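The values are calculated or read from the model by the stated rules, or taken from the named source; none is laboratory data. Please read all numbers here as calculations on a predicted model, not as lab measurements. Note that each Cβ is placed from the backbone with ideal geometry, even for glycine, and that neighbours are counted across all protein chains shown. SASA here: full protein model, heavy atoms, side chains in, ligands and nucleic acids out. Shrake-Rupley method; radii C 1.70, N 1.55, O 1.52, S 1.80 Å.
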Amino acid sequence: MSETDNLHEAEGLQENTQSTSETTSNDSSQDDALSEIENENAEDAEDNENAKRHEVETKDYHSMNMDALVEELNSLIKNHPIQAISKQVNLIKEEFNNQYDELIETKKEAFIADGGNSIDFHYNSTAKNHFNKAYKEYRSLRNAYYKNLEENLKHNLSNRNQIIEEIKNLINIEEDINTTYKHFKELQEKWKAAGAIPRDRYNTVWNTYHHHVERFYDFLHLNRDLRDLDFKHNLEEKQKIVARAEELAKHNDVLYAFRELQLLHKTWKEDIGPVDKEHREAIWDKFSAATKEIHHKRQAYYAEIDKVYEANLAVKNELIDKIQQISKENITTHKGWQEKIKQIESLREAFFKAGKVPSKVTEKTWGSFKQAVRDFNKNKNTFYKSLKKEQLENLNKKLTLITIAEDNKDSDDFAATTPLMKKIQADWRTIGHVPRKDSDKIWKQFKSACNHYFDRLHAKRDAANAVELEALNAKEAYLETIKNITLEGSHQEKINTIKEYISHWKTLGRVPRNKKKINDAFNKVIDNLFGQLDMDKHEAELIKYTNKVSTLEGDEKALENELLYVKRKLDEIKNEINQLENNLGFFANAKADNPLVKDVHKNIALQKKQLTIWEEKLQHVKNLFE
């Protein structure tokens, strides 16, 4: 039975039901409006507090983070009837769980990428704990409310059935009609106050009630004055309802207008009896016209809302596309992934703030978003798993260097160990990243071993430097005493004096590396003293060379360089002699007194003398290594 049928039955128009239905069927928008009102009122019949639910604002929960959702849930529980917030609570719960699932997935992926095992993953969220506490409170209050409501519904149903029975029996009571009519009006008032009943019994109980009310009005025709008086009262009440409906049709808040219209229909149907035939069609047509106008405005309102939701859908689809594009990029560095992670997070926040989408695509849109983010995370995890393997290899390499550092940190062979320690430090810098959990630990271990060694090295060098500075001061003073000396005595005595200077210079010790030039100054003084002698150049050169290399004694690297230099010089002289001797072949038929031949022979003799000198120098350098 349609809403139109029920309303017209309430007017006592059973005989016009077919024609009314035909008229209504030609006006689908009006039928839609009445159907919506019928459905809403049937729901309210089970819970007379249901209307309050429509007064609770449904906010854009997508734009809220988890903490804000918890705060909103607590606010709803505190400030609204518990039965009025189920829709909002369910939406908040769905949004919170979506965000929490996303958070857990992200945290788990990071945990695994950092070397953890999925079975060991655990994450404790303060927001989740607060949400569970608030939702538990909501469920407890809601269950208590509906348990009490169920008991009331059963009680109210029993009362209404009792009222129906009493109305049913009125026509069988033998008493004054006025007394009976008064009793009928009292039962009607009881009916109005009887309270909510189960939704599934609503239409049956109301139609039964209406049937017996109609029977009573048929019975009442025996006293036309009472019935006409009742019809007049009912008409006046319905005219008030029509006037109010027409006011609501002009109201700017269409949702408020529809809700109020729903209450007017409920009052029209349940609280006001029929009117006389003369006014039945006219009053109903006016009410229907206002209903239709409000319905059209409500449809237009939702059409505008749908446009907003469609615009939000376009924004969200664009964001999903951007996430998908990023997930397809070939990112090969940690820095690159960190930048993309920030971009994805920004796109996620924009998605949550983009607002609602049409309900028919809500799940599809959310699924596409989740899949796009999941694809990105999958690629990210693949990269960090491969990076993890590389990091473990790097870790093993660095652990090997730590072993070398710790094995050599107490070595006293500084000449051999120092290059080794410097090399492993250089090697450490070329090795890539290691797992984050190991990074600080192994660096401290490696640094400690290296610092231990170099602290010992520096301590020794500091002590050596003090001795070298003392030697430098002594050499500077000694150099001042001999640089202007004129040799005296015989030739041999002069040579002995020079040798004594050289010998004493060597006893003064090594000077700091950056002060080595003082040896050059000493060699220059010695060369000047040799210049005072009239002696064989060969002998003088060897004495000078002996003096020069004597200053290198103890400096193994410098001696090695000198040895290489002498060997290279010898090779050059030998090559020169070979070349000259080869050149003599060109003069096979030339006379011995040929100037060119004589010049070649002279040059060969000179080179051989030099060869002898450099061979003696080589032997002298070799002796210094023994």
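Side notes on the structure shown:
- Toward the positive end of the charge dipole of the chain, with +1 on the Cβ of Lys and Arg and -1 on the Cβ of Asp and Glu, the farthest Cα among 272, 490, 344 is that of 490.
- Relative contact order [Cα under 8 Å, 6+ residues apart], the chain, whole percent: 11 percent
- Relative contact order (percent, whole number), the range 242-383, Cα cutoff 8 Å, 6+ residue spacing: 27 percent
- Of the Cα atoms belonging to the range 358-431, the radius of gyration and Dmax stand at 24.6, 81 Å.
- For the chain, the mean projected area of the C-alpha convex hull, equal to one quarter of the hull surface, is 57.1 nm².
- Span from the the range 445-522 Cα centroid across to the the range 364-412 one, whole angstrom: 54 Å
- Entries in 322/342; 398/557; 78/136 that, when Cα-Cα distance is taken, lie over 20 Å: 398/557
- Label separation (residue 123 vs residue 488): 9.8 nm, computed from points 7 Å beyond Cα along the C-beta direction.
- For the range 61-111, the spread of Cα positions along each principal axis, largest first, Å: 42, 16, 15
- Of the Cα atoms belonging to the range 398-459, the radius of gyration and Dmax stand at 11.7, 36 Å.
- Accessible area per residue for the chain is 58 Å², calculated with a 1.4 Å probe on protein heavy atoms, without ligands, DNA or RNA.
- Chymotrypsin sites (Phe, Trp or Tyr not before Pro) within the range 51-157, DSSP loop, no more than 14 other Cβ atoms inside 10 Å: 121, 123
- Once the Cα atoms are used to define both axes, helix 537-550 deviates from the longest principal axis of the chain by about 30 degrees.
- Of the GluC sites (Glu not before Pro) found in the range 102-181, the ones in coil according to DSSP and having at most 15 other Cβ atoms within 10 Å of their Cβ are 174, 175.
- Restricting the calculation to Cα atoms, the range 160-259 shows an Rg/Rh of 1.07 when the hydrodynamic-style radius is the Kirkwood one.
- When nucleic acids and ligands are ignored and a 1.4 Å probe is applied, residue 211 ends up with an accessible area of around 100 Å².
- Cα-projected label distance for residue 521 with residue 60, points at 7 Å along beta-carbon direction, nm: 8.4 nm
- Degrees, to the nearest 10: 491-507 long Cα axis against longest axis of the chain: 20 degrees
- Modelled spin-label separation between residue 606 and residue 364, with each label point placed 7 Å from Cα along the Cα-to-Cβ direction: 10.2 nm.
- Qualifying GluC sites (Glu not before Pro) for the range 326-364 [loop in DSSP, other Cβ within 10 Å: at most 13]: 329
- Surface share of carbon and sulfur [accessible, 1.4 angstrom probe, percent] for the chain: 48 percent
- Equivalent ellipsoid semi-axes, the range 218-318, via Cα gyration tensor eigenvalues times 5, rooted, Å: 41, 11, 10
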